[in-house]
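Since the structure comes first, as structure tokens, the remarks are kept for the end.
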Amino acid sequence: RKQLEHDIKVAISERAFQVYFQPQVSLTDGTISGIEALVRWNHHERGMISPGEFIPVAEKCGFMPEIGRIVISKAINEAAEWNRAGIAFGRLAVNVSGTELREHDFDAFLFETLEKAGLPPQKLSLEIVESVILDDEKTGIAAKLRHIRAAGVHLELDDFGTGYASLSHVNPNEIDRLKIDRRFVQNIHENGDNSKIVRAITELARGLGISIVAEGAETEAELDSLMAIGCDQVQGYSIAFPMPQDKALEWLTARMPKKAKLRVLQGSLA
């Protein structure tokens, strides 16, 4: 544990954390609605260390704000390059914890990073969990989120259905999109209760004018069930695994609409 803490400190100082990207697509027409940025750590001795191993340690030691800023900066810079190149990726989604949002200069950091990279705020969304939006107004998080959203950045409620969010917070004045947690998506074709939950969330979101995405879709049967329910946007291994930036660029480029080629006519056909 102590060694891992030390190695995390070193990785922060070297900005060694990498960003992997996982696309979100429409089942109806295959268009890309977004791409989520995920942190990865390739340790110089141990190789890839699972986020499930190092993130809890980083959170307990108070390192997550620094790691989060490294990931946000790298992800925004990459997305800005895609945007300049005309590559469609929908919106870039980054996860933000309550600890990060409680930092007094988080919104200033975010706006400065967007401006330096040249990425329009509308091309970014912040994913927050339900406990963050329920945080006491005294922490300043609610006001900060309103400030960030007013600048054009989208807000998404992550892992929806697993926390304690009041339905008063699920409205288009505060949230742009809900992410249905993977535990409701897995084996949805065999689990009647999960199917009812996903249908209820989908109908709630549609009625309120909030978009929705299901995460963790891994099989054809799960995709078919989501499609039948009316949950069109999905993210999961059945679509694409998380990819490093070079592979993500290849994946996005391969799915760009092909431009019609003009054929030059010669001679008497001209």
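The values are calculated or read from the model by the stated rules, or taken from the named source; none is laboratory data. Everything quoted here is computed from the prediction, not taken from an experiment. Cβ sites come from the backbone with ideal geometry, for glycine too, and all protein chains shown count toward neighbours. Protein only, heavy atoms only, side chains kept; ligands, DNA and RNA dropped before computing areas. Shrake-Rupley method; radii C 1.70, N 1.55, O 1.52, S 1.80 Å.
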Quick check on this structure: which one of ASN42, ASN77 is part of a strand (DSSP E or B), open to solvent by 10 Å² or more (accessible area, probe 1.4 Å) and free of Cβ contacts under 8 Å to residues at least 60 places away in the same chain? ASN42
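Can you tell me which residue within region 2-33, out of those that are of a type in the set (Val, Ile, Thr) and under 18 Å from the mean Cα position of the chain (by Cα), is most open to solvent (accessible area, probe 1.4 Å)?
Across region 2-33, the extreme among qualifying residues is THR31.
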Residue set ALA37, ALA58; condition at negative phi, in a strand (DSSP E or B) and in contact (Cβ under 8 Å) with a residue 24 or more places away in the chain; output residue ALA37
In region 99-116, which residues are open to solvent by 10 Å² or more (accessible area, probe 1.4 Å) and either under 23 Å from GLN235 (Cβ atoms) or aliphatic (A, V, I, L, M) (or both)? ALA108
List the number of the failed condition for ALA165; all other conditions in (1) at pLDDT below 90; (2) within 27 Å of GLY30 (Cα to Cα) hold. (2)
Taking the stated definitions as given, is GLU53 within 25 Å of ALA240 (Cα to Cα), at pLDDT 95 or above and surrounded by fewer than 17 Cβ atoms within 10 Å (Cβ to Cβ)? no
If we keep just the residues of region 233-270 that are assigned to a loop (DSSP other than H, G, I, E, B), modelled with pLDDT of 90 or more and not hydrophobic (A, V, I, L, M, F, W, C), which is most open to solvent (accessible area, probe 1.4 Å)? TYR237
Failed item in (1) at positive phi; (2) free of Cβ contacts under 8 Å to residues at least 24 places away in the same chain, with GLY230 passing the rest: (2)
